[in-house]
Amino acid sequence: MSSPSITCAIDYITHVKRCFFSKLPIVNFETIYEKAAENAGQYRYRLRLANGDFLAMSERFTIEGGKINVTKYSFHWQDGTGQLRKRWDNAPHHAELSTFPHHLHNGTEEMVLPHPPMTALEVLKIIGDN
């Protein structure tokens with residue numbers, strides 16, 4: 001999923017939403033929050049997939065020289081029964097991890113692993129490949 005030329009926040013938000021719909025079999029898409037200024041933005045979406053999986057995705061970002069800099073994120077993925085599959089986030093807890101504040105909750109809230117920073121586009125690739 002290469003990014004087109006991103007010159008402002010609305011370009012990035014539009015690109016992310018297009019990727020959602022081209023990569024995932026979405027049956028319900030809900031915008032909780034969306035804000036785009038010239039060089040900064042944030043969003044929070046909830047998605048239900050055809051297989052029953054649920055995604056809650058949020059990013060806060062800036063754009064500097066056409067490059068996206070994600071400053072805050074949370075990508076929560078659970079199956080149709082409500083079981084956590086994965087949640088990537090950079091909430092400032094789990095200071096013991098080498099990738100602090102970036103981490104992954106893998107299968108349960110308690111299973112917390114180091115993880116490099118994530119973006120919505122990286123998460124969409126992972127979920128779309130499953």
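Taken one residue at a time, the phi angles of the range 5-10 give Karplus couplings (6.51, -1.76, 1.60, θ = phi - 60°) of 4, 9, 10, 8, 4, 5 Hz. Gly and Pro are set to x. For the chain, pairs of C-alpha atoms spaced more than 21 angstrom apart make up 40 percent of the total.
About the centre of its Cα atoms, the chain shows a dipole size close to 280 debye [charges on the beta carbon of Lys, Arg (+1) and Asp, Glu (-1) only; nearest 20 debye].
Bridgeable aspartates and glutamates around Lys67 (alpha carbons under 18 Å apart, same-chain partners fewer than 8 residues away excluded): Asp11, Glu38, Glu59, Glu122.
Mean-square fluctuations from a GNM of the chain, with a 10 angstrom spring cutoff on Cα atoms, peak among Gly80, Gly41, Gly65 at Gly65.
The fewest-to-most ranking of Glu122, Glu38 by surrounding Cβ atoms within 10 Å reads Glu38, Glu122.
Values quoted throughout were computed directly from the atomic coordinates according to the rules given, and no laboratory measurement underlies them. All of these numbers come straight from a predicted model, not from anything done at the bench. Virtual Cβ from ideal backbone geometry, glycine too; neighbours counted across all protein chains shown.
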